[in-house]
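Scroll down for the structure; my scribbles are underneath it.
What follows is calculated from the coordinates using simple rules that are stated; it is not laboratory data. Fair warning: this is a prediction, and the values are worked out from it, not measured in the lab. Neighbour counts run over all protein chains shown; Cβ positions are idealised from the backbone, glycine included.
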């Protein structure tokens, strides 16, 4: 039994569609972990109406698996794929270049595109959607955010009847793994990173993940899909997780919390509040129990309240599921009608990161009388109220960590005050300031 | 930015669709909590392309709100609605009769239908989908399971690329509320139920919820949507939660677990294993932290692994969001092409409840020597291994509760052994046997 509006059409029922094909030919561009998983699903699971016809990869001779049927054409030449009768190009090489160029050429050459390329979609999504539409084609990118979790279709289809106000999630498995390890093993950020690299959970150059650039691209895509706003990905401030130390997790524990890299976006008076940064998250939040490479997205709607989507955020198979789901979605649309659909109702808005939050401030000072008084004075001058002060015993007086939590106030006020505080003579290292998620 | 295949079509782009209307007229049948929320969203949120034209309710004069525009027609006559130019009927009166009859007449009269009626869909979903299809109409029922959580579209669209093997969830908020209360307040089932009734979380006749009949209907619908199997809802065994006592939660706690009403279905060798019953759930499972009226569904796919959908399982607004999302989905399909789509690839399979599980058995006995030995002998004869024995102090010898947990074995073996055990002279009351979710 199915919601009939979401089903594959019985070919005999449609006498009006002029789209001649019942089976769409699929070309996979990039035969890495995800690409080979997509091929495996198309071959083993064999969804009706989709046929794998081409695989493009450099040095494909080395990659060729004996489980791929002999009638699949292997090549290393994009021109051959673009000139072929493939109906849909699955772009899995990642990066802006040449992926963007290849996708544009495919769309102009009357091929639809499925891609997992978050950086490209975060930057050029709107342009590529227009190009697809002009050429009567589709472009789908469900795999670009949160791997196998069907969050883009969930926001756009399943929650279409709501007015979504807020999104909040854990979108980067690498950061989540590193933070979990600092917490559970009490090791430094550097050690946790090395470990993640050794296990293949982090790249040799981890900048994109650790500095929040990866999560920011995903948040840009989610904000468009769910909040229906168009923003520049680079307008979302992204803060690194590299300044965190095991002591921060100890203090977080005192506050019945943990620390996670949180991506959040919220509509507020004609602008979009958005940020990617490490935050304190209370143990009772679903975000606190996200483990390792898992991802979780929580949406808040005006009518339906909170909805949670969670699952495997990365990995060959889960990401491949998202790709194949997009292929099926295109197949269903094509079988109904060959004309591509267009975007509508997307609003361009400015981005601000000036959330109002409680804050966690972790200082390291050379102990001397009057430290709290000096800090309190600066905070008080900015109109910020201190909520609590924690100091764990057992640290040298020359390098004394302690924590102040603040009552809710705008982030900018905190940043400003910390600038003044950084000049105080007893400060041994920069303050670690984390918003607290409420 | 949107997955273009999932977007509202720009009317100017489509010159081929012969469906003449750009705005669909909506009639709401039943103006209770959900009905008035649907009206509110259609009026306040005003999704493009949908217009509320009719509201049907008995004694509508009493219900009429001043926030409903004057051009909405109020009536208490279904014939008037069926004869009107409404394009879609939103059926929210519930129950099998007259809802089923009205829906059939609407479909035959070239109206599409959106319904939240789980009992009707669980029984007659396949027939109604065929009827819709024969008449070129749609029937959608996303609101029939898990209120505002977009799980049906998630399973059918977002996870279309996977091969789902297993579903498991908390689908009944009333049971979840009652179980939470027995656990946290240490009160009896009867007290918790009375409390739930007073607060409006349980009906005056709570049978449907407490005995698992409600959850069973929802599981039937989910199994069709996700596992693509057609089953008879009454073939799924449903067990009551009424035999549970506070002591069971104390023992569950010793096992680092809680007790929840779990609905599960799993494909296994050409049959469907399915049941609705109270189960022990480990604290680390997302199912253990579902609170009050929340719902949660976890799907397991061959390729994508576990995916979780969670949110408000009931309530006017969340359920109304699901209804309006279905309306938008029909609107989008209609604008592409007026022909309804058909179901495909649904397999009829037999249902079995013979899961293999660890088990929790709670006995109450009149204490005498040799009790464990007698029990162990019967279990051993059935080839069942005891895993652990717990006995909390502080109970009278005439009414002594204790718990045995079993290693994984087929449920039928346990049921059979319990039949023998029930005849033992020291048994004061029937054993409470709960499978343990692993």
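What to note about this one:
- Rg/Rh (Cα only; Kirkwood hydrodynamic radius) as it applies to region A:127-239: 1.05
- Bins of 10 Å, starting at 0 and running to the largest distance - Cα pair percent for region B:42-126: 15, 48, 32, 5
- Along its three principal directions, the equivalent ellipsoid of region B:271-417 from the Cα gyration tensor extends over semi-axes of 46, 21, 13 Å, largest first.
- In the protein assembly as shown, the calculated helix contribution to ellipticity at 222 nm averages -9000 deg cm²/dmol per residue, counting -39,500 (n - 2.57) for every DSSP H run with n ≥ 4.
- Distance in nm between pseudo-label sites at residue A:348 and residue B:74 (7 Å out along the Cβ direction from Cα): 4.6 nm
- Extending 7 Å from Cα along the Cβ direction at residue A:291 and again at residue A:438 yields two label points whose distance is 3.1 nm.
- Largest GNM mean-square fluctuation among A:149, A:346, A:247, using chain A with Cα springs under 10 Å: A:346.
- Here r is the Cβ-Cβ distance between residue A:387 and residue A:127 and R0 is 35 Å; the resulting FRET efficiency, rounded to 0.05, is 0.15.
- Just checking the listed ones, B:94, B:161, B:186: in the Gaussian network model of chain B with Cα springs under 10 Å, the one fluctuating most is B:161.
- Each listed q (0.14, 0.16, 0.26 Å⁻¹) maps to a log10 I(q)/I(0) for region A:97-146, found by the Debye formula over equal Cα scatterers with no solvent: -0.28, -0.36, -0.96.
- Position residue A:376, label points 7 Å along Cα→Cβ, spacing to each other copy in nm (shortest first, one decimal): 6.5
- Percent of alpha-carbon pairs separated by more than 26 Å within region B:151-312: 26 percent
- Cα radius of gyration and Dmax for chain B (Å): 24.5, 85
- Percent of Cα pairs in region B:60-110 per distance bin of 10 Å, from zero to the largest separation: 20, 51, 27, 2.
- FRET efficiency, residue B:83 to residue B:58 (Cβ-Cβ, R0 22 Å, nearest 0.05): 0.70
- Cα convex hull of the protein assembly as shown - mean projected area over all directions, nm²: 40.4 nm²
- On the basis of the beta-carbon distance and an R0 of 60 Å, residue A:134 and residue A:250 show a calculated FRET efficiency of 0.60.
- Label point distance in nm, residue B:356-residue A:203, each placed 7 Å from Cα along Cα→Cβ: 4.4 nm
- Extended-chain gain in nm, criterion 0.36 nm per residue less alpha-carbon gap, residue A:105 and residue A:232: 43.3 nm
- Placing a label point 7 Å from the Cα of residue A:33 along the Cα-to-Cβ direction, none of the residues of region A:56-81 has a backbone N under 14 Å of that point.
- The other copies place their residue B:284 label points at 2.4 nm from this one, listed shortest first, where each point is 7 Å from Cα along Cα→Cβ.
- Shape category assigned to region B:45-187 from the gyration tensor of Cα positions, a/c cut at 1.5: oblate
- Rg followed by Dmax, in Å, when region B:356-437 is reduced to its Cα trace: 11.9, 34
- Selected from B:199, B:165, B:280 as most flexible by GNM, with chain B as the system and alpha-carbon contacts under 10 Å: B:199
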